[in-house]
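So the structure is just underneath, and the comments pick up after that.
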Amino acid sequence: MKAVRWVNTFFPKVKNTQTITEALHEMRKHSCDYCIVIDDDGKFDGLLHKSVIKEVEMEEKVGPYVVFPDFYIVEDSTIEEAAMMLIENKETILPVVNSNSEVIGVLTIQEVLEAMTEMAAMDEHGVRINLTLPDKPGELNKIIDVLANNKINILSILTIKDGDSRLVSIKVDSKDAESVASILEIYEIPYESIVEEEGFF
């Protein structure tokens, strides 16, 4: 899914010609330890980290202390790509730029966690089915067909490889865990747990 859906547009930003004092003010205002830095044309110039400017004179310019990150994303990148970049880079922030190299926002671990929560449909009321399936084509489709034939709408499907199997979590649009369990039992589909989730957004 496109990362731009979860981009945080409220972030600290300074020009590379501004002072350390102004950058620190932006960091305090946004309760963070970084600033996005842009050039005079409004293009992305890099990041300024608080840890880099600890011993710097307050009236010095930001420019010499800006670091261009190894990773950033463009507006049509996916949230999955963003998550992988945060893991690989061990950074806490990903700048997001448009086709003109202008910063449109940032993604932090917080936004990525919110995205994963939505993708798992944890924000919606429903019933979650947890089961283990053989890691073979068509196995998941059997469950989907059973749910569809019983007019149960699927809100999300997550799978994780586990040896020769797949751990599967399916969230469905239902308020009755017992009735969902009964349907699976009729079709002789073994499951590990079926629980109702309230949702919280």
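The values are calculated or read from the model by the stated rules, or taken from the named source; none is laboratory data. Just so it is clear, the structure is predicted and the values come from calculations on it, not from any experiment. When we count neighbours, we look across all protein chains shown, and the Cβ atoms used for this are built from the backbone with ideal geometry, even at glycine. Calculation scope for accessible area: heavy atoms of the full protein, side chains included, ligands and nucleic acids excluded. Shrake-Rupley method; radii C 1.70, N 1.55, O 1.52, S 1.80 Å.
One table, with the values for the structure above:
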read-out: Residues of segment 147-158 that turn out to be surrounded by 11 or more Cβ atoms within 10 Å (Cβ to Cβ) and out of contact with any Asp or Glu (no Cβ under 9 Å at 6 or more places or on another chain), as a count; value: 5
read-out: Filter result (over 13 Å from ILE170 (Cβ atoms) and outside any strand (DSSP E or B)) within segment 131-147; value: ASP135, LYS136, PRO137, GLY138
read-out: Count - residues of segment 64-78 that are surrounded by 15 or more Cβ atoms within 10 Å (Cβ to Cβ) and assigned to a helix (DSSP H, G or I); value: 1
read-out: Test set (1) within 23 Å of the chain's Cα centre (by Cα); (2) part of a helix (DSSP H, G or I) - THR159 fails condition number; value: (2)
read-out: Matching residues in segment 96-112 - criterion: being open to solvent by 30 Å² or more (accessible area, probe 1.4 Å), closer than 13 Å to ALA82 by Cα and among the aliphatic types (A, V, I, L, M); value: ILE109
read-out: Selected residue [touching a Lys or Arg at 6+ places or on another chain (Cβ under 7 Å) and under 24 Å from PHE200 (Cα atoms)] from ALA83, ALA181, ALA177, ALA121; value: ALA121
read-out: Tabulated pairs, segment 172-183, first touching a residue at least 12 places away in the same chain (Cβ under 8 Å) and part of a helix (DSSP H, G or I), second open to solvent by less than 30 Å² (accessible area, probe 1.4 Å) and among the small types (Gly, Ala, Ser), C-beta under 6 angstrom, 6+ apart or interchain; value: VAL180/SER174
